[in-house]
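Okay, structure first, notes after.
The values are calculated or read from the model by the stated rules, or taken from the named source; none is laboratory data. All figures in this text were calculated on a predicted structure; none of them were measured in a lab. With ligands, DNA and RNA removed, areas are computed over all heavy atoms of the protein, side chains included. Shrake-Rupley method; radii C 1.70, N 1.55, O 1.52, S 1.80 Å.
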Amino acid sequence: MAACGLFRSLSSNFFTVFPVLTRSATLSPLRLASQPYFERTLATSCRLAAALKFTDKHEWIRVDDGIGTVGISKFAQEALGDVVYCGLPEVGTQLVQQDEFGALESVKAASELYSPLTGEVVEVNTLLADNPGLVNKSCYDDGWLMKMTIDNPTELDTLMDETAYERYIRSIED
């Protein structure tokens, strides 16, 4: 996983790093992987990055075979801090895009959750009831929140891909 992330960083920043690589062969890999040669990236793995779509409220969705898996972004879980409670909807709940469907509580804040698309909740992550910290440890894998049907696939076009979301994050950090 770390090698995949390093490869993504190397490939996306090749022209930034190439002059450094040709100038000196004595740079250590740790120095190459640190600032200022590489900017922060939101990618967690090559496999997931292309499939994720993001909302401006920091939820993500990954659609497989007509079912969307929903969670919060790395940026959101870092801003929240250690999650101590996950309030999730019941299976069968009908949601409209941008409807509030639950909340996360952390040691320093609480945050509402909003549906990225219109559909019906078909599964919730029951592991979060006993271990809400999964949202912090693995927000794109084991820390997912719910799964839902996709009633209107064209709504996916209103969401941001990873590149657009990274630009959005940079714009709100400035």
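The solvent-accessible area of K137, taken with every protein chain present and a 1.4 Å probe, is close to 150 Å². The HN-Hα couplings worked out from phi for the range 120-125 by the Karplus form 6.51 cos²θ - 1.76 cosθ + 1.60 (θ = phi - 60°) are 10, 5, 10, 6, 10, 7 Hz, whole numbers, x standing for Gly and Pro.
Taking all protein chains into account, the per residue accessible area for the range 75-163 stands at 50 Å² (1.4 Å probe). How high is the relative contact order of the range 41-174, in percent, with contacts defined as C-alpha pairs under 8 Å that are six or more residues apart? Contact order relative to length: 29 percent. If the segment from D174 to A51 were pulled out straight at 0.36 nm per residue, it would be longer than the present Cα-Cα gap by 41.6 nm.
For V83, the residues whose modelled amide H falls within less than 5 Å of its own, excluding neighbours fewer than 5 places apart on the same chain, are N136.
Computed from phi, the 3J(HN,Hα) profile of the range 130-144 under the Karplus parametrisation 6.51, -1.76, 1.60 (θ = phi - 60°) reads 8, 9, x, x, 4, 4, 6, 6, 8, 5, 9, 10, 6, x, 4 Hz, with x in place of Gly and Pro. So if each residue of separation counts as 0.36 nm, and I subtract the Cα-Cα distance between A109 and A164, what length gain in nm does that give? Gain on extension, A109 to A164, equals 17.2 nm.
Amide H contacts of G102: L113, each under 5 Å away and 5 or more positions distant or on a separate chain (H built 1.01 Å from N in the peptide plane; Pro and chain starts excluded). Global dimensions of the range 57-117 from alpha-carbon coordinates: Rg and Dmax equal 11.9, 37 Å. Each residue was assigned an accessible area with a 1.4 Å probe, and for Y140 the value is about 10 Å².
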